[in-house]
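Trainee: Sharing a structure here in structure tokens format.
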Amino acid sequence: MTEAATLARPIDAADLIADMGARARVASGLLSRTPTAAKAEALRKAAAAIRDAAPAILAANAADVAQAQANGLSSAMIDRLTLNPDRIEGMAAGLEAVAGLDDPVGRIIDEAERPNGLILQRVRVPLGVIGIIYESRPNVTADAGALSLMSGNACILRGGSEAASSNRAIHAAMVAGVSAAGLPADTIQLVPTTDRAAVGAMLTAEGLIDIIVPRGGKSLVARVQAEARVPVLAHLDGIVHLYVDRAADPAKALPLVVNAKMRRTGVCGATETLLIDRSYQEPRPIIDALIKAGCEVRGDAAAKAISPLVMTADAADWDTEYLDSIVSVAIVDGIDGALAHIAAHSSHHTDAILTEDQATADRFLAEVDSAIVMHNASTQFADGGEFGLGAEIGISTGRLHARGPVALEGLTTYKWLVRGSGQVRP
């Protein structure tokens, strides 16, 4: 039987996830009491193990990429999947960065003394067991494992079939490092099958898994949100807007727009819709630069009038996360038009404004209801690492618990500690 067939063979998913969840619960109890220095040392050893295993990881990834190409995956998906020496070093460095972050576990959020002498504190504690379901990006295996461990949580990882070999190689290195540091191997577990039944079992694992974090395409996240019986931390779409205001500096605008769209088109922070103020004086150079960079530009009637190379955008374009070298362009009537368009089409992920008018920028920052709102910066900065968080387990577009890039603090909750001296309630 081939490796792929072995991974995909039918399983008793409920029993598998129940066993993994039980072992993860034991590991999480230990991790919640593990000192910061010990968790950091485990991550440093995991980073060293990943560097040592780089040849094996690259070989596994090459097999995944070849299969993905044979299966006709898009160029954006191939880019997400592909590893190289620099990206492996980036994974290892990311683990070391997380090891150096402030540990939120045990941090006192606030405290007060009541008139009756009771002393109350809110203290950060781990969530417990985190289930991460992801596609394509094998680096998530390292990032999610590191963030879970450092925040005192055990995790159960279920990667996509397209990256199965890469994920196993990275996971093996992570476990080797964690075990070498004296922490339990069950701290970071990888579901050993690509059978989709395992996903369903994770989504209904109440009492075993405390929260699910999906990272992947719209269909995956929609399934998770529809079927989950445990809390979900997710974003469905990254329909990211970049608004070029009439007061934007053309010298900043042109390179920034191209970077926001084209640096990496397959990341969730890539600009998908460009809004240009009708009064902006130099729209043509921006559109020409995008086309020259290899981007297909689809626009409304006003955008098409700027350049004959602009294709017609239809109604669906304004609500599409392309994750490819395609951008939709709308010409809007100032800040009011931009805000109205974003309110109608935003997925509440990331939206940005380019302007030298501080009052306009302040209004945009205040009124746009997204997890990340930017002024004069590329939307490609919508990333936990760029925010100084070391890495991210995902970007949450919801309003509860955590919002934006979710890292260590977002993987904790809190409990109340109440200290008395014999008080009774009258």
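Trainee: Going residue by residue through the stretch 273-280, is there one that turns out to be among the hydroxyl-bearing types (Ser, Thr, Tyr) and more than 27 Å from residue 79 (Cβ to Cβ)? Steps first, answer last, please.
Mentor: Of the stretch 273-280, the ones among the hydroxyl-bearing types (Ser, Thr, Tyr) are 273, 279-280.
After this cut, where a residue has to be more than 27 Å from residue 79 (Cβ to Cβ) as well, the list is 279-280.
Looking for residues that are among the hydroxyl-bearing types (Ser, Thr, Tyr) and more than 27 Å from residue 79 (Cβ to Cβ), one finds at least one in the stretch 273-280, hence yes.
Trainee: Are there any pairs, at least 6 apart or on different chains, whose C-beta atoms fall under 7 Å, with the first in the stretch 352-365 and under 13 Å from residue 246 (Cβ atoms) and the second at pLDDT 95 or above and of a type in the set (S, T, N, Q), and if so, which?
Mentor: Filtered contacts from the stretch 352-365: 354/376; 361/355.
Trainee: Six or more apart or on different chains, Cβ atoms under 9 Å: show the pairs whose first residue is in the stretch 216-245 and modelled with pLDDT under 90 and whose second is of a type in the set (Phe, Trp, Tyr) and crowded, with 23+ Cβ neighbours inside 10 Å.
Mentor: What qualifies is 216/134; 220/134.
Trainee: So if I check each of 179, 151, 166, which one is over 28 Å from residue 321 (Cα atoms), at pLDDT 95 or above, within 22 Å of the chain's Cα centre (by Cα) and assigned by TED's automatic domain parsing to the domain that holds residue 80? Break it down stepwise before answering.
Mentor: Details: 179 fails: within 22 Å of the chain's Cα centre (by Cα); 166 fails: over 28 Å from residue 321 (Cα atoms).
Exactly one of 179, 151, 166 is over 28 Å from residue 321 (Cα atoms), at pLDDT 95 or above, within 22 Å of the chain's Cα centre (by Cα) and assigned by TED's automatic domain parsing to the domain that holds residue 80, namely 151.
Trainee: Residue 79 - would you say it is closer than 14 Å to residue 136 by Cβ, in a helix (DSSP H, G or I), of a type outside the set (A, V, I, L, M, F, W, C) and modelled with pLDDT of 95 or more? Spell out how you get there, then give the answer.
Mentor: Working: closer than 14 Å to residue 136 by Cβ: yes; in a helix (DSSP H, G or I): yes; of a type outside the set (A, V, I, L, M, F, W, C): yes; modelled with pLDDT of 95 or more: no.
Taking the combined requirement at face value, the residue does not satisfy it.
Trainee: I'm trying to understand the selection: among the residues of the stretch 268-300, which are farther than 18 Å from residue 318 by Cα and in contact (Cβ under 8 Å) with a residue 60 or more places away in the chain?
Mentor: none
Trainee: Would you say residue 213 is among the aliphatic types (A, V, I, L, M), part of a strand (DSSP E or B), in contact (Cβ under 8 Å) with a residue 12 or more places away in the chain and out of contact with any Asp or Glu (no Cβ under 6 Å at 6 or more places or on another chain)? Write out each step before concluding.
Mentor: Details: among the aliphatic types (A, V, I, L, M): yes; part of a strand (DSSP E or B): yes; in contact (Cβ under 8 Å) with a residue 12 or more places away in the chain: yes; out of contact with any Asp or Glu (no Cβ under 6 Å at 6 or more places or on another chain): yes.
Yes; evaluated as a whole, the condition is true for this residue.
Trainee: Follow-up. Scan the stretch 219-256 residue by residue and report those that are touching a Ser or Thr at 6+ places or on another chain (Cβ under 7 Å) and either farther than 30 Å from residue 204 by Cα or not in a loop (DSSP other than H, G, I, E, B) (or both).
Mentor: 240, 241, 242, 245, 246, 247, 248, 256
Trainee: Here is a check on your reading of the model: is residue 245 buried (at least 23 other Cβ atoms within 10 Å of the Cβ) and among the charged types (D, E, K, R)? Please lay out each step first, then the result.
Mentor: Values: buried (at least 23 other Cβ atoms within 10 Å of the Cβ): yes; among the charged types (D, E, K, R): yes.
For residue 245, the condition - buried (at least 23 other Cβ atoms within 10 Å of the Cβ) and among the charged types (D, E, K, R) - is met.
Trainee: Would a scan of the stretch 318-335 turn up a residue that is under 25 Å from residue 406 (Cβ atoms), outside any helix (DSSP H, G or I), among the hydrophobic types (A, V, I, L, M, F, W, C) and modelled with pLDDT under 95?
Mentor: Checked against the condition, which is being under 25 Å from residue 406 (Cβ atoms), outside any helix (DSSP H, G or I), among the hydrophobic types (A, V, I, L, M, F, W, C) and modelled with pLDDT under 95, the stretch 318-335 yields at least one hit.
Trainee: Okay, moving on. Considering every residue within the stretch 147-161, establish whether at least one is over 30 Å from residue 280 (Cβ atoms) and charged (D, E, K, R). I'd like the intermediate steps shown before the answer.
Mentor: Narrowing the stretch 147-161 to residues over 30 Å from residue 280 (Cβ atoms): 147-161.
The next check asks that each one be charged (D, E, K, R); those that pass are 158.
Scanning the stretch 147-161 turns up at least one residue that is over 30 Å from residue 280 (Cβ atoms) and charged (D, E, K, R).
Trainee: If I ask for residues that are buried (at least 22 other Cβ atoms within 10 Å of the Cβ), in a loop (DSSP other than H, G, I, E, B) and either in contact with a strand residue (DSSP E or B) (Cβ under 6 Å, 6 or more places away or on another chain) or among the polar types (S, T, N, Q) (or both), which ones from the stretch 371-396 would you list?
Mentor: Within the stretch 371-396, 378, 382, 384, 392, 393 qualify.
Trainee: Moving on to the next point. Tally the residues that are hydrophobic (A, V, I, L, M, F, W, C), touching a helix residue (DSSP H, G or I) at 6+ places or on another chain (Cβ under 7 Å) and under 22 Å from residue 46 (Cβ atoms), restricting the search to the stretch 66-93.
Mentor: Summing the residues that are hydrophobic (A, V, I, L, M, F, W, C), touching a helix residue (DSSP H, G or I) at 6+ places or on another chain (Cβ under 7 Å) and under 22 Å from residue 46 (Cβ atoms) in the stretch 66-93 gives 5.
The values are calculated or read from the model by the stated rules, or taken from the named source; none is laboratory data. Just so you know, these numbers come straight off a predicted model, no measurement behind them. Cβ atoms come from the backbone with ideal geometry, glycine included; neighbour counts cover every protein chain shown.
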